[in-house]
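Bear in mind these aren't lab numbers, they're just calculated from the coordinates by the rules spelled out. Quantities reported herein were computed from a predicted structural model and do not represent experimental measurements. So basically every Cβ, Gly included, is an ideal-geometry build from the backbone, and we count neighbours across all protein chains shown.
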Amino acid sequence: SGDFLEQLKFKGGKLIREQKRVHAINGVDLEIQRGEALCVVGESGCGKSTVARTVMGLLHPSAGEIRYDGQRIDDLSTQALMPYRRRMQMIFQNPYASLNPRMTIQQTLEEPIRLHHPDWPRQKVADKVAEVMASVGIAQDWGKRYGHEFSGGQRQRIAIARALAVDPEFIVADEPISALDVSIQAQVLNLLMDAQQQHNLTYLFITHDLAVVEHFGTRVAVMYLGRVCEVAPTATLFATPRHPYTRALISAIPRLEDDRPQHIRLEGEVPTPVDLPSGCVFHARCPHADARCREEVPALIASDGGAQVACHAVEEGRLD
Ligand code: SF4
Ligand code: MG
């Protein structure tokens, strides 16, 4: 998503926080179950990265709350947040920005371990680093090298190893493969799926790519302009998308055995987040919009197959 800029960046070897324009999110109510991969999908500017950063505590919500294992974490002090910082790790889109160019790979991997396990002896730290590097498929000769000496795909593997080094339970991955060469995207995706099995991980996976979701996600949340349109188990979403926006997205996936009806073409442009439409944020582009849609924000309501849909037409039974 091009108009998002990383909030954490390395400049002159120092990690700095940059306050960048973020896209407003509103009424986003998501629950992630242990062991699942919840994919948040949507076009650039829909607010999905804002969701990721808010969950991680990198952004503070102006309203609402974030709970982890039932415990509210959005208002904790830095000190109280520390155990959660270990349990929750983030993988960013850009493996170039997320590795400190002045640190060797050994130092990069040791840093989070020392932070969260200050009592570990040197050898135990070194063993852990070797173990996670081997688990991401970078087996030897990396310790004294720097990030720039590795390819994009290898750098993302290193970033994944760094996240795994502190034995997290929950990983937020914001477009972790979209900056990578297409030829290596599948490898990195497979690595993330293997890691999920091996380490019992729960994922919040942010992507603009529905093809990725279909292979990776347990459930999918579709976002449009800062709101969740539809949440459903992955199989349900692909077999029977309900929300008009989800239908349009799914109909646009190119497939070999294409026996589906004509692609649904969306008219008009995505409005800018500073000039949000009234009522349903999708109404200007929706073929089923009526007067109610232009005035009233649709709530996310339970539908068939474990889905939740925010659409008046679906609720009224105007859509099949
Ligand atoms: Fe379309 Fe209305 Fe449903 Fe929004 S609420 S998606 S405008 S039918
Ligand atoms: Mg983004």
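Rounded to the nearest 20 debye, what is the charge dipole size of the chain about its Cα centre when +1 sits on each Lys and Arg Cβ and -1 on each Asp and Glu Cβ?
1220
Given a cut-off of under 8 Å on Cα pairs at least six residues apart, what relative contact order in percent is computed for the range 44-217? Contact order relative to length: 27 percent. In this simple spin-label approximation, L276 and H148 carry label points 7 Å from Cα along the Cα→Cβ vector, and these lie 4.2 nm apart. The eigenvalues of the Cα gyration tensor, multiplied by 5 and square-rooted, give the range 96-225 an equivalent ellipsoid with semi-axes of 26, 17, 13 Å from largest to smallest.
As an exercise, take the mean of 1/r over every pair of distinct alpha carbons in the chain, invert it, and state the Kirkwood radius in angstroms.
Details: mean 1/r = 0.0479 Å⁻¹.
About 20.9 Å, per the Kirkwood formula over Cα pairs.
Each of L76 and Q107 was given a label point 7 Å from its Cα along the Cα-to-Cβ line. The distance between the two points is 2.9 nm. Checking every one of the GluC sites (Glu not before Pro) in the range 22-53 against DSSP loop status and a limit of 12 other Cβ atoms within 10 Å picks out E31.
The count of lysine pairs in the chain that are at least 8 places apart or cross chains, and whose C-alpha atoms lie under 20 Å apart, stands at 7. Ranking S62, V41, L237 by how far each Cα lies toward the positive end of the dipole of the chain (charges on Cβ) leaves S62 at the top. Considering only alpha-carbon pairs that sit under 8 angstrom and 6 or more positions apart, the relative contact order computed for the chain is 21 percent.
Taking label positions 7 Å along the Cα-Cβ direction at both E43 and D194, the computed distance is 3.7 nm, reported to one decimal.
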